[in-house]
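Data first, discussion second: the structure below is written as structure tokens.
The values are calculated or read from the model by the stated rules, or taken from the named source; none is laboratory data. All of these numbers come straight from a predicted model, not from anything done at the bench. Glycine gets a Cβ as well: all are built from the backbone with ideal geometry, and neighbour counts include every protein chain shown. When the accessible area is computed, the model is the full protein with side chains, heavy atoms only, and any ligands, DNA or RNA have been set aside. Shrake-Rupley method; radii C 1.70, N 1.55, O 1.52, S 1.80 Å.
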Amino acid sequence: MATVVSVQNLRKRYRRRDPWAVDGVTFELEAGQAFGLLGPNGAGKTSVVKMIAGLLRPDSGTISLFGSDPGNPAARAELGLAPEDPDFPKFLRAPEVLDYFASLLGLDDEERKRRIPETLAFAGLESERRQVRQFSKGMKQRLGIAQAILGRPKLLILDEPTADLDPIGRRDVRALIERLKESGVAILLNSHLLSEVERVCDNVAILARGSVLKEGTMSEVVPEGSNLEEVFVQLIEANQPQRDHMPSFISERQ
Amino acid sequence: MNGALAVSRYTLLELSRRRVLLVFFIIGALGIIALGGGLKILYQVASSNPNNFGNASNVDAATFDRFLELLFVSYLFQALSVFALLIAFGIGMTAIYHDLESGAAVSIFSKPVSRFAFTIGKLAAAVAGLIVIVGLLAVEARLIMFLFGGGLESALTGQLLAVVANAIVVMLIVLSLSTWMNNILAAIAAFIYYNVITGVISTIHMLADGGVIGNNVVRDVFDVLYWLVPHQLVSSAVRDLAQAEIQISGGVENNQALATIPSPSGAGDIAWWVFTVLVFAGLVYYAVRRRQV
């Protein structure tokens, strides 16, 4: 199978005095594969995703996106990114946002007329007439997923795609991931919903403080009789200082 | 260039929905109507009383009408400058800043569009937006001028070009700064740079050039500084207006007052303006290119 993304020894920090946000991350993703990128808050998952999408420059290491540097616009032609906390030009309406992005993707009029209404219907935004600034977080997240699939990408990056969605929206996203996987699209999923990741991903990497703690196929990472959540909690707790989970004023008897 | 066109088209659509620009435009439009209409009403009131003109007064109705027109055009020039600057700040503070700060840039830059095309699209939309809004105010002003005798139409056109050209420079300064910092701070910094620092340098340079400041060191220093700041373009309209005012008041044309009015910008100033625009547009691109989102 063709390699879609190859990340080699990636390092990134935002300021010189800061610790590394991403420290030596290496993995590959092939067509038709779903890869789960997991980690606690601040582990560096979003930084990795943004570097793959050409939004952040790595300090060292290499990224190959469809064989090119992600900074090259042509390399991003077959990339769909649904960012965490998505936002859009706030005075536009949902169909205008999709038309804008369809123009950036170079879709012709005929394709736009076909894809935009269908994508809006999938996202449940077909009858929405308000401007983006009046959208709820969930609606923005739906629009974020809609714009990510609009270009029929060969790599779909979903950064916390279901964080603000209702159960129906989550079910739709899960079905979307499964359908895209079947059609050969590579999926990079960054989520805290470990049951979801366990259900749809073939490979998984667990990050903490910018480094990969464990990586492999789902069966390699999750032993028989266990589940991903257990493995994740054990691994993270073993690699970070223990802390008191409850504030003392909560633990105290009344 | 499809990417630049798309960015430009949708930025213009966004600008057309921005309430602050609409408010500036409405205030400007109503102000021009009130100014022209008010002066015309003043004329009607004055001319309705036969004692105001003719033998009892040394001012006839036609001269008074002409005086009011000059007054209107003079105020109009100031109003256009102020509103062009407000609109330049309004567009400059938001056209790129909102995309970068809201997170919209994450979705935009993950698409196959280069930062260069994005910058070109944003700059084209910002300049077009400014020209359209100030142009509409100028068209309205031109229509109001029909209420008066006419004859100053070319002065209005020249002044409009100078005002728009100067506002474009201000807008580019705000755009480039707002890509680095908070847009309110960017507007304040641009105001200080363009209106205070540049203003002081230009004034001292003019005084030194005119021989008012005799110190050679000061003259040399400000000669250098003058070529480090944008030069405001000046049309011949201000001088034409002053000349017309002198004529109407019966003064001689080579009046000393004319000497204090800056002469119209020449080819060197226009070339410097082009250079300044390119430099600031380049800074906007550099800032957008470096920006990590």
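What the table below lists for this structure:
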{"read-out": "Residues of the stretch A:215-254 that turn out to be buried (at least 17 other Cβ atoms within 10 Å of the Cβ) and not hydrophobic (A, V, I, L, M, F, W, C), as a count", "value": "1"}
{"read-out": "Filter pass, B:Thr63 being in contact (Cβ under 8 Å) with a residue 60 or more places away in the chain, away from chain A (no Cβ under 14 Å), over 21 Å from the mean Cα position of the chain (by Cα) and in a helix (DSSP H, G or I)", "value": "yes"}
{"read-out": "Number of the exception - B:Thr198 against (1) open to solvent by 50 Å² or more (accessible area, probe 1.4 Å); (2) farther than 23 Å from B:Val288 by Cβ", "value": "(1)"}
{"read-out": "Which numbered condition A:Ser191 fails, given (1) open to solvent by 30 Å² or more (accessible area, probe 1.4 Å); (2) in contact with a Leu (Cβ under 8 Å, 6 or more places away or on another chain); (3) of a type outside the set (D, E, K, R)", "value": "(1)"}
{"read-out": "Check on B:Val174, within 30 Å of B:Leu143 (Cβ to Cβ) and open to solvent by less than 70 Å² (accessible area, probe 1.4 Å)", "value": "no"}
{"read-out": "Residue match in the stretch B:131-141 (condition: away from every other protein chain (no Cβ under 14 Å) and either touching a Leu at 6+ places or on another chain (Cβ under 6 Å) or not in a helix (DSSP H, G or I) (or both))", "value": "yes"}
{"read-out": "Odd one out for A:Gly80 among (1) more than 11 Å from chain B (Cβ to nearest Cβ); (2) of a type in the set (Gly, Ala, Ser); (3) crowded, with 20+ Cβ neighbours inside 10 Å", "value": "(1)"}
{"read-out": "Boolean, A:Ala94 is surrounded by 24 or more Cβ atoms within 10 Å (Cβ to Cβ), in contact with a helix residue (DSSP H, G or I) (Cβ under 8 Å, 6 or more places away or on another chain), at pLDDT 95 or above and more than 8 Å from chain B (Cβ to nearest Cβ)", "value": "yes"}
{"read-out": "Members of the stretch B:91-110 that are more than 10 Å from chain A (Cβ to nearest Cβ) and in a loop (DSSP other than H, G, I, E, B)", "value": "B:Ala95, B:Ile96"}
{"read-out": "All positions within the stretch B:232-251 that are in contact with a Pro (Cβ under 9 Å, 6 or more places away or on another chain) and outside any helix (DSSP H, G or I)", "value": "B:Gln232, B:Leu233, B:Val234, B:Ser235, B:Ser236"}
{"read-out": "Residue within the stretch B:83-90 that is outside any helix (DSSP H, G or I), open to solvent by less than 30 Å² (accessible area, probe 1.4 Å) and within 14 Å of another protein chain (Cβ to nearest Cβ) present", "value": "no"}
{"read-out": "Only one of A:Lys113, A:Lys45, A:Lys50, A:Lys137 that is of a type in the set (Lys, Arg), more than 8 Å from chain B (Cβ to nearest Cβ) and either within 30 Å of A:Asp23 (Cα to Cα) or open to solvent by less than 40 Å² (accessible area, probe 1.4 Å) (or both)", "value": "A:Lys45"}
{"read-out": "Residue match in the stretch B:207-230 (condition: modelled with pLDDT under 85, exposed (fewer than 15 other Cβ atoms within 10 Å of the Cβ) and closer than 30 Å to B:Asp65 by Cβ)", "value": "no"}
{"read-out": "Subset of the stretch B:15-43 [within 11 Å of chain A (Cβ to nearest Cβ), in contact (Cβ under 8 Å) with a residue 12 or more places away in the chain and charged (D, E, K, R)]", "value": "B:Arg18"}
{"read-out": "B:Gly149, sole failed condition from (1) away from chain A (no Cβ under 14 Å); (2) surrounded by fewer than 22 Cβ atoms within 10 Å (Cβ to Cβ); (3) modelled with pLDDT of 95 or more", "value": "(3)"}
{"read-out": "Meets criteria (in contact with a Gly (Cβ under 6 Å, 6 or more places away or on another chain), at pLDDT 95 or above and over 24 Å from A:Leu37 (Cα atoms)) for A:Leu105", "value": "yes"}
{"read-out": "Hey, A:Ser211 surrounded by fewer than 19 Cβ atoms within 10 Å (Cβ to Cβ) and free of Cβ contacts under 8 Å to residues at least 40 places away in the same chain or not", "value": "no"}
{"read-out": "Filter result (part of a helix (DSSP H, G or I) and at pLDDT 95 or above) within the stretch A:121-132", "value": "A:Val132"}
{"read-out": "Options A:Gly71, A:Gly36: the member that is of a type outside the set (A, V, I, L, M) and either buried (at least 24 other Cβ atoms within 10 Å of the Cβ) or away from every other protein chain (no Cβ under 11 Å) (or both)", "value": "A:Gly36"}
{"read-out": "Exclusive hit being small (Gly, Ala, Ser), open to solvent by less than 20 Å² (accessible area, probe 1.4 Å) and either within 14 Å of chain A (Cβ to nearest Cβ) or in contact with a Pro (Cβ under 7 Å, 6 or more places away or on another chain) (or both), set B:Ala125, B:Ala162", "value": "B:Ala125"}
{"read-out": "Yes/no for B:Ala79 being more than 30 Å from A:Gly106 (Cα to Cα), touching a residue at least 12 places away in the same chain (Cβ under 8 Å), more than 10 Å from chain A (Cβ to nearest Cβ) and assigned to a helix (DSSP H, G or I)", "value": "yes"}
{"read-out": "Qualifying position, being free of Cβ contacts under 8 Å to residues at least 24 places away in the same chain and within 21 Å of B:Met1 (Cβ to Cβ), among A:Arg114, A:Arg76", "value": "A:Arg76"}
